[in-house]
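Heads up, the thing below is written out as structure tokens.
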Amino acid sequence: MLAKLVPIRLDLLLAAVLTWLTVATTVSHGGGLGWDAYALAGLTVAPIALRQLAPVTTMAVMLGALTAYSLLEYDGLPSAGVGILVGMFTVATLRPRHVAALVFVASAVVVEGAFVRLAGTIVWSEVVQSVLVVLGAWVLGEGTRRWAERAERLAEEAARAVADERVRIARELHDVVAHHMSVISLQAGLAEYVLDTDLPTARQAIATVGDTSREALTELRRLLDVLRVDHEHDYQPQPGLAALDELVERARGAGLAVDVAVTGEARELQPGPDLCAYRVAQEALTNVLKHAGPARARIDVEYGPQTLVLKVTDDGRADGGPPGPEHTPHGIRGMRERAELYGGVLTAGPLADGGFGVVLRLPMNEVAAR
């Protein structure tokens, strides 16, 4: 509310100063004029105090006062037309263009009438000059309105960017939680199953649960810290294909046999696409652990001259992939949206000879760090 009161108070101060100057000027020029002359002169600027609340009405009152002042054949032009210029600027700023056009025509007619009455004849140079002055106020107001609209549009785009970033963080949280909780669940079940018959295996499973849970908490803290700009923490950088071996070892620790093959000349990727490839591999392995049953997975990474291809396949059950479209496969949808963000394409579906496959293709000109 205070932000709105400040400009209104300034308008009140401006209107008071201009009214005082206008009346004082009229007194010095007119001598023994009646109270009506002073009142009309004051009304050519005093309504400026309400220009932001009712710009068109304010302009109408000032134009009416100037018209009456001229028709009563008082000498001089009250306030030198400053009130009309301020009013024209305000209407152009706060009202639609067609309203401003109508107000401009009315202002030009009234101002020209006042000049003609003062001069006693039509001086075309003064006519053109006065019209251009009013036109300048309109153009300035129109430019200010466009600038305000552009600033508002940029603010909306910034808000949408923040919302998109929050969606990205939510996907990150989904990937982290889904993968690590899948490993924890499997290892906890294994520990419970062999606790009485194979104590070393149970201990190893429990240790894996501890390590995985700590890794999950570290990544969750890192992601949540993105939303807290008032503190700085030293977290590890976002994972990428360089951490693929660690991801594979965790999957193997959860009981999934995984083979990895890399072809082509491996090179460093930009952080965003690198994270994209890592998360796709992570989500695909998580789906194998959750849906494929007893299976063997394979990861193929191919660094082509223009395209990075990442394939994650398994030989599990024929229905071992994520649920069908009718069940809203959020993991597959998230991987596909993540790939599209970097100009890539992701396909996923059952394989002809059984199992399930996920294929990610990213353009190298988007991901190669040069």
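Under a 5 Å amide H cut-off, with hydrogens placed 1.01 Å from N, residue 260 pairs with 299 among residues at least 5 apart or on other chains. Using Cβ point charges alone (K and R +1, D and E -1), the dipole size of the stretch 2-122 about the Cα centre works out to roughly 500 debye. Size estimate for the stretch 2-122 follows the Kirkwood approach: the inverse of mean 1/r over distinct Cα pairs works out to 14.6 Å. Using modelled backbone amide H atoms (1.01 Å from N, in-plane), which distant-in-sequence or interchain residues come within less than 5 Å of residue 307's amide H? Those lying under 5 Å, H to H, from residue 307 are 364.
Here the 3J(HN,Hα) profile of the stretch 178-194, calculated from phi with Karplus coefficients 6.51, -1.76 and 1.60 at θ = phi - 60°, is 4, 5, 5, 5, 5, 5, 4, 4, 5, 5, 5, x, 5, 4, 5, 5, 9 Hz, Gly and Pro shown as x.
What whole number of Å gives the distance from the Cα centroid of the stretch 245-304 to the Cα centroid of the stretch 69-106? First find each Cα centre; the distance between them is then 72 Å. Listed peptides 106-114, 15-23 appear in the order 106-114, 15-23 once ranked by packing, highest mean of other Cβ atoms within 10 Å at the front.
Each residue of the stretch 127-134 is assigned a 3J(HN,Hα), and the resulting list reads 4, 5, 4, 5, 5, 5, 5, 5 Hz, derived from the Karplus form 6.51 cos²θ - 1.76 cosθ + 1.60 (θ = phi - 60°), x at Gly and Pro. With the highest mean first, a sort of the peptides 186-194, 261-269 on other beta-carbon atoms found within 10 angstrom per residue produces 186-194, 261-269.
Bear in mind these aren't lab numbers, they're just calculated from the coordinates by the rules spelled out. Predicted model only: the values in this text are computed from it and were never measured. Counting neighbours? That spans all protein chains shown, and the Cβs are built from the backbone with ideal geometry, glycine included.
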